[in-house]
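The structure appears below as structure tokens.
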Amino acid sequence: MNFENILTETNNGITQITINRPTKLNALNKDTIQELHEAFKAADKDKSTKVIILTGSGEKAFVAGADISEFANFSEEKGGKLAAKGQKILFDYVENLGTPVIAAVNGFALGGGLELAMACHIRLASDNAKMGLPEVSLGVIPGYGGTQRLPQLVGKGRALEMIMTAGMIDAETAKNYGLVNHVVTQAELIPLAEKMANKMMRNSSVAIAKAIKAVNAGLEEGKNGYKTEIKQFGKSFGTADFKEGTTAFLQKRTAEFPGE
Ligand code: COA
């Protein structure tokens, strides 16, 4: 696939997607959002991809937000449509992907950038990373799920402080808040993401997809997470991965999951 704003590379079960607009600090314009949708969709379908790593190019930014120059003169209606489409094709899409997505936050993750990292299943950060939702400083509110996912991850009080002050927190604070799982140097960031991906790859990808579904259901309005868990748990018993996983354990050997 030919992309203008992102780079993709697949090696040893990992697809790395890199947002590649470094002169604009990887800000998310419309085309980038569309390309990311296509890249995530393709990686999720590709049987050779077991884990996706998302990062930003350059040493300064993961993503410095939605591209402000694109929406500065939007009407109410256009603003609403922008958020609705973005949430559907990228932010909700990534969160509900069956393939695990690790965000490697390598610098500024602001506005839509932090919202994108929060839509990923796991966040790792480099020690220079800075995170925030500065939208109210522009007279707007987070529109790509930030008002929902930030309180889920850090609690309502901390989320409202970040949103209402429009301030940035550093990587260590983000770790203390539970917003990122680990903080390492920039050079160690992708190797750490790969190490984590390799650990995931030893497990059943089918079971992982079901676990993502059950965890997400508990946070989704109108869904009962416990019921989803029971359903997905039951369905696991019909999979070849379950047969292989339990048989390998009883035979005291390493499982070779067929991914079915
Ligand atoms: N949308 C569009 N362009 C952006 C952008 C965004 N969200 N964030 C950065 N850029 C562009 C800048 O306009 C600049 O482009 P130019 O060189 O053509 O003028 C380039 O990226 C570099 O940014 P600059 O502001 O010069 O870098 P800096 O190191 O001085 O500051 C930030 C870095 C992240 C503090 C600053 O760019 C910033 O505040 N960005 C906006 C963050 C934001 O409000 N995001 C939420 C959007 S809803």
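The values are calculated or read from the model by the stated rules, or taken from the named source; none is laboratory data. Note that the coordinates shown come from a computational prediction; the quantities given were computed from them, not determined experimentally. A quick note on method: Cβ atoms are made from the backbone with ideal geometry, for glycine too, and the neighbour counts reach across all protein chains shown.
Scanning segment 176-187 for residues that are surrounded by fewer than 18 Cβ atoms within 10 Å (Cβ to Cβ) and out of contact with any Ser or Thr (no Cβ under 8 Å at 6 or more places or on another chain) returns N176, Y177, G178, N181, H182, A187.
Residues in segment 130-158 that are among the hydrophobic types (A, V, I, L, M, F, W, C) and more than 16 Å from the ligand (Cβ to nearest atom) were compared, and the one that is surrounded by the fewest Cβ atoms within 10 Å (Cβ to Cβ) is L153.
Under 8 Å between Cβ atoms, which residue pairs at least 6 apart in sequence (or on different chains) link something in segment 209-220 that is over 19 Å from A43 (Cα atoms) with a partner that is assigned to a helix (DSSP H, G or I) and of a type in the set (K, R)? Matching pairs, first to second residue: A217/K227.
Could you tell me whether E256 is in contact (Cβ under 8 Å) with a residue 12 or more places away in the chain, more than 26 Å from A103 (Cα to Cα) and surrounded by fewer than 13 Cβ atoms within 10 Å (Cβ to Cβ)? Explain how you work it out, then say what you get.
Numbers: in contact (Cβ under 8 Å) with a residue 12 or more places away in the chain: yes; more than 26 Å from A103 (Cα to Cα): yes; surrounded by fewer than 13 Cβ atoms within 10 Å (Cβ to Cβ): yes.
Considered against the rule, which asks whether it is in contact (Cβ under 8 Å) with a residue 12 or more places away in the chain, more than 26 Å from A103 (Cα to Cα) and surrounded by fewer than 13 Cβ atoms within 10 Å (Cβ to Cβ), E256 comes out as yes.
Filtered by the rule that a residue be within 18 Å of the chain's Cα centre (by Cα), among the aliphatic types (A, V, I, L, M) and more than 17 Å from G112 (Cβ to Cβ), segment 136-173 gives V154, A171.
Using the structure shown, decide if F40 is surrounded by 13 or more Cβ atoms within 10 Å (Cβ to Cβ), more than 16 Å from the chain's Cα centre (by Cα) and either away from the ligand (no atom under 14 Å from the Cβ) or without any contact (Cβ under 8 Å) to a residue 24 or more places away in the chain (or both).
When the stated conditions are applied, F40 does not pass them.
Restricted to segment 230-260, and to residues there that are more than 16 Å from A211 (Cβ to Cβ) and of a type in the set (D, E), the residue that is modelled with the lowest pLDDT is E260. Count of segment 1-25 residues, restricted to those that are touching a residue at least 40 places away in the same chain (Cβ under 8 Å), in contact with a helix residue (DSSP H, G or I) (Cβ under 7 Å, 6 or more places away or on another chain) and within 16 Å of the ligand (Cβ to nearest atom), is 1.
The residues of segment 64-120 that are touching a residue at least 24 places away in the same chain (Cβ under 8 Å), small (G, A, S), surrounded by fewer than 20 Cβ atoms within 10 Å (Cβ to Cβ) and away from the ligand (no atom under 12 Å from the Cβ) amount to a single one, G98.
Report whether or not R123 is more than 16 Å from the ligand (Cβ to nearest atom), of a type outside the set (G, A, S), touching a residue at least 24 places away in the same chain (Cβ under 8 Å) and under 19 Å from G167 (Cβ atoms). Spelling it out, R123 is indeed more than 16 Å from the ligand (Cβ to nearest atom), of a type outside the set (G, A, S), touching a residue at least 24 places away in the same chain (Cβ under 8 Å) and under 19 Å from G167 (Cβ atoms). Which numbered condition trips up M200, out of (1) assigned to a helix (DSSP H, G or I); (2) away from the ligand (no atom under 16 Å from the Cβ); (3) touching a Gly at 6+ places or on another chain (Cβ under 8 Å); (4) in contact (Cβ under 8 Å) with a residue 12 or more places away in the chain? Here M200 clears every test but (3).
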